[in-house]
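Undergrad: Below you'll find the structure I mean.
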Amino acid sequence: MAKLLCVYCSSSRHLDPRYYEGAEVVGRSMVANGWGLVYGGGNTGLMGSVARSVKESGGHVVGVIPDFMKERELAYEQADELITVDSMRERKKVMEERASAFLALPGGIGTLEELAEIMTLRYINRLNKPVVVYNHHGYYDDLLRFFERMTAERFKSKGLGDIYAVANDEPGIWPLLESPAHFEADAIWKQRA
């Protein structure tokens with residue numbers, strides 16, 4: 001089975017069409033680059049676009065969805081594996097364990113929360129897997145500037161920028177997943193001491 005890429009992204013049905021198209025391109029390219037998908041299990045928004053394009057391209061799709069979302073008929077039933085969990089926390093844990101790397105497409109507060117948690121785990125040396133932010137159409141420009149300010153004002157050490165990579169176009173994603181930036185958590189903790 002292909003290694004699994006955990007994709008965090010929006011479930012909204014009301015986005016500019018370019019974001020759905022971009023998610024479909026990412027899904028097809030995942031399969032072409034040897035990746036399967038592990039994600040939140042939904043059938044709407046960018047989540048649905050990525051899952052369908054991975055599946056249609058012959059890739060392996062693992063959805064992880066809480067009971068209460070499945071009951072609302074939001075699950076992508078065509079997934080190769082559809083894992084039902086009790087809570088959002090359990091969902092994130094299963095995705096984290098199954099994934100070989102993480103990719104954030106444009107999304108809302110849920111995507112931001114997932115990205116922040118996985119970055120935190122990498123920062124405190126509890127996870128050593130690549131994390132890539134896909135800055136599609138400059139969607140994450142303001143967040144990336146905020147990270148720069150966080151570092152400049154010393155709320156985080158300079159090593160913050162080493163725990164994730166940024167791709168500004170789809171072809172730029174794949175090399176970043178294969179050759180992630182070097183990050184030494186221990187060096188960061190020594191700087192803070």
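Undergrad: Using C-alpha positions alone, give me the convex hull volume of the range 23-73 per residue in cubic angstrom.
TA: Numbers: hull volume 2.9 nm³, N = 51.
In the range 23-73, the Cα convex hull volume per residue is 58 Å³.
Undergrad: So between residue 143 and residue 179, what do we pick up on full extension, going 0.36 nm a residue minus the alpha carbon distance?
TA: Values: separation 36, 0.36 × 36 = 12.96 nm, distance 2.34 nm.
10.6 nm is the gain from fully extending residue 143 to residue 179.
Undergrad: Could you tell me the center-to-center distance, by alpha carbons, between the range 17-52 and the range 69-142 in angstrom?
TA: 13 Å
Undergrad: Separate question: Could you give the length gained on full extension between residue 169 and residue 82, defined as 0.36 nm per residue of separation minus the Cα-Cα distance, in nm? Before the final figure, lay out each step's value.
TA: Numbers: separation 87, 0.36 × 87 = 31.32 nm, distance 2.96 nm.
This chain segment gains 28.4 nm when fully extended.
Undergrad: I've got another one for you. How many percent of DSSP beta bridges within the range 27-146 run antiparallel, rounded to 5?
TA: Numbers: 1 of 12 bridges.
Roughly 10 percent of the beta bridges in the range 27-146 run antiparallel, per DSSP.
Undergrad: Shifting gears a bit: Of the lysine pairs in the chain, how many meet both conditions: Cα atoms under 26 Å apart, and a spacing of 8 or more in sequence or different chains?
TA: 20
Undergrad: Running Debye on the chain with equal point scatterers at the Cα sites and no solvent, what base-10 log of I(q)/I(0) appears at q = 0.10, 0.17 Å⁻¹?
TA: Relative scattering, expressed as log10 I(q)/I(0), comes to -0.39, -1.10.
Undergrad: So how strong a dipole does the chain carry about its Cα centre when Lys and Arg Cβ are +1 and Asp and Glu Cβ are -1, to the nearest 20 debye?
TA: 520 debye
Undergrad: For the range 1-20, list residues with backbone N below 11 Å from a point placed 7 Å from the Cα of residue 33 toward its Cβ?
TA: From the range 1-20, the list is 5.
Undergrad: I need the calculated FRET efficiency for the pair residue 113 and residue 151, taking r as the beta carbon distance and R₀ as 22 Å, to the nearest 0.05.
TA: Details: r = 21 Å, r/R0 = 0.93.
After rounding to 0.05, the efficiency reads 0.60.
Undergrad: I've got another one for you. With unit charges on the beta carbons (Lys and Arg positive, Asp and Glu negative) and the dipole taken about the Cα centre of the range 3-178, which residue among 121, 176, 134 sits farthest to the positive side?
TA: 121
Read-outs throughout are calculated quantities, based only on the coordinates presented, and are distinct from any laboratory measurement. All values reported here derive from a predicted model rather than from experimental measurement. Neighbour counts are summed over all protein chains in view; Cβ atoms, including those assigned to glycine, are modelled from backbone coordinates with ideal geometry.
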